[in-house]
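What follows is a single structure, written as C-alpha cells, with notes after it.
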Amino acid sequence: QVQLVESGGGLVQPGGSLRLSCAVSRSLFGLSVMEWYRQAPGNQRELVATFTWGRNKNYAESVKGRFTITTDNAENTVYLQMNSLKPEDTAVYYCYLVHRATAYWGQGTQVTVSS
C-alpha cells in the first residue's frame, strides 16, 4: 500500500505561481509512473504532466512551457511547479502513481486562479 498526501493548492491571481507537492510513503525509485492530473467542474479528469524514470517528461499542450514536474528523491516527493497561471488552470489537482502495477491517487488539492 502506498499513501500520497498532496499540498500546495490555493488561490492565486492570473500570472502567479504555485508549487504543488505530493508526499509519497515510499521511495520514488520503485514507482513506474508519477503523474499529475486535474479536473475542473463539469470536465473530465485530464493528464497534466508525466514523469517516468529514464524518459522525457511529458506535458499537456495547454501547460507546456508553464508547468514543470520534478522529484525530490531524498524527500520522496513529487512536485508540480506552475507558473504564469491562467483562470482556465482552475481545477482540483491530483497526484497519481503506479507501483507494482497498482495505481494510487492522492486526495486532490484545489487550485483557483482568479483576480
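Readers should treat all values here as calculations from the given coordinates under stated rules, not as data from a laboratory. Everything quoted here is computed from the prediction, not taken from an experiment. In this analysis, Cβ positions are derived from the backbone assuming ideal geometry, glycine residues included, and neighbour counts consider all displayed protein chains.
Summary of computed values
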quantity	calculated
Selected from ASN73, ASN56, ASN83 as most flexible by GNM, with the chain as the system and alpha-carbon contacts under 10 Å	ASN56
For segment 13-19, Karplus couplings with θ = phi - 60° (6.51, -1.76, 1.60), whole Hz, Gly/Pro x	7, x, x, x, 10, 9, 10
Top of ALA101, ALA91, ALA49 by mean-square fluctuation, Gaussian network on the chain, Cα under 10 Å	ALA101
Cα-only radius of gyration and Dmax that characterise segment 1-49, units Å	13.3, 38
Residue among GLU75, GLU88, GLU61 with the largest mean-square fluctuation in a Gaussian network model of the chain, springs linking Cα atoms under 10 Å	GLU61
Chymotrypsin sites (Phe, Trp or Tyr not before Pro) restricted to segment 17-94 and DSSP loop, no more than 13 other C-beta within 10 Å	TRP53
Listed residues THR52, TYR79, GLN110: farthest to the positive end of the dipole of the chain (Cβ charges)	THR52
Ellipsoid equivalent to the chain - semi-axes via the Cα gyration tensor, in Å	23, 14, 13
Calculated from backbone phi, Karplus (6.51, -1.76, 1.60) coupling profile of segment 87-96 in Hz, x at Gly/Pro	x, 6, 7, 4, 4, 8, 9, 10, 8, 9
³J(HN,Hα), Karplus 6.51/-1.76/1.60, whole Hz, each residue of segment 39-47, x for Gly, Pro	9, 8, x, x, 10, 6, 5, 10, 6
